[in-house]
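A quick write-up on the structure given underneath.
Taken together, the values in this text are just the output of simple stated rules run on the coordinates, not laboratory data. The structure displayed is predicted, hence computed values, not measured ones. All Cβ positions, even for glycine, are placed from backbone atoms using ideal geometry, and neighbour counts span all protein chains on display.
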Amino acid sequence: MNPVLKALLSLQEVDREIFKVEAELDRLPKELAARAEAMAAQESALQDKRREVTELRTSIKEIEHTTVGLRQRLKKLEHESTSGTADASLIAAYSHEMRNIKRNVSQAEDAGIKRLSRAEVLDTEIEEMSTRLGEEEAAFEGFKQNIAAETEAATEKLGTLRADRAQRSSDGISPADFDVYKGLLRTRQGEALAELRDGLCEGCFVNLPKNIVVRLARGMELVQCPSCDRILYSL
Ligand SMILES: [Zn+2]
C-alpha cells in the first residue's frame, strides 16, 4: 500500500475516536444550556401567572371596595326617599340615581366574579407549574452532575487519544494531502477514508468507475471517491 495512505489509515483509526469525543464535548454543554433555558422559560411563565393573579386580586379588592361604597349610597337614598321629607321631584331624582347605582353594582359584581374565576384557574395552574418545576429542578441537579461526569470522562479520553495520535507518524504526508484529510474529517463526521471493495466505495456505497479502481491499484497517488470525496484505500 502507498505509504502516505498507510500513514493516513493509522491516523484515521485514532482521529475517528477523537472526532466522536470532541463532538460529545461540544454537545454536552449545549444540552445543559438548552435544559437550563427551558427551565428558565417555565420559571418566567410561572412568574407571569403569579403577577397576573396578584393584579386580579388587587382589582377584586378595588371592586369590593367600590360596591360597598355604592351600597351605602343606595341605602342612604332609599332612606331619604321614604323619610317623607323629600318632594316629588327629588324622589324622582333619587330613584333615577338608585337605578344607576344598582346597574353599576351589578356590573361591578359581574366583573368581580369573572376576575375571581380567572384567579382560581390561575391558582390551579400555578400550583401545577410549581410542582412540575420543583421536580424538574431536582432532576436538573442530577442531570448537571451526569453532564459533569461525562465531560470529565470525555476530556480524559481525549487526552489519551491525543497522546496516542502524537505517537503515530505523519511522515511523508504533504501539507496539501493533510489539509484534504483534515477537511474530510470535518465534513464526513470523522471518516475521511473509505475502503474501495468490489468496485464500491464503502463510504457512500456508490459504484466507482473502473479507472478509479485502476489508479488506486497502481498505488502512486491518493485517490478520492468522485462521489463522497473520501480518500480511498483497498486492503
Ligand atoms: Zn464514496
Theoretical gain in end-to-end length, residue 213 to residue 133 [0.36 nm per residue, Cα-Cα removed]: 22.7 nm
Site residue 114, offset 7 angstrom along Cα→Cβ, radius 17 Å on amide nitrogen, limited to the stretch 59-98, gives 59-64, 67
How high is the relative contact order of the stretch 174-235, in percent, with contacts defined as C-alpha pairs under 8 Å that are six or more residues apart? 32 percent
DSSP loop chymotrypsin sites (Phe, Trp or Tyr not before Pro) in the stretch 147-219 with at most 13 other Cβ atoms within 10 Å of their Cβ, which ones? 205
Using 20 Å as the cut-off for backbone N distance, which residues of the stretch 6-43 belong to the label zone defined by a point 7 Å from the Cα of residue 234 along Cα→Cβ? 6-10
Helix-derived mean residue ellipticity, 222 nm - over the chain, DSSP H n ≥ 4, -39500 (n - 2.57), to 500: -29000 deg cm²/dmol
Extension gain, residue 167 back to residue 76 (0.36 nm per residue minus Cα-Cα distance, nm): 22.7 nm
Could you calculate the FRET efficiency of residue 97 with residue 58 from 1/(1 + (r/R0)^6), where r is the beta carbon distance between them and R0 is 35 Å, rounded to 0.05? 0.75
Note: probe point = Cα of residue 147 + 7 Å toward Cβ; backbone nitrogen < 14 Å; residues of the stretch 127-141 passing the test are 137-141
Relative contact order computed over the stretch 3-169 (Cα-Cα under 8 Å; 6+ residues apart), in percent: 51 percent
Per the rule of 0.36 nm per residue minus the C-alpha distance, extending residue 227 to residue 39 adds in nm 63.2 nm
Residues with beta-carbon under 13 Å from that of residue 4, excluding residue 4: net charge, scoring Lys, Arg +1 and Asp, Glu -1? -2
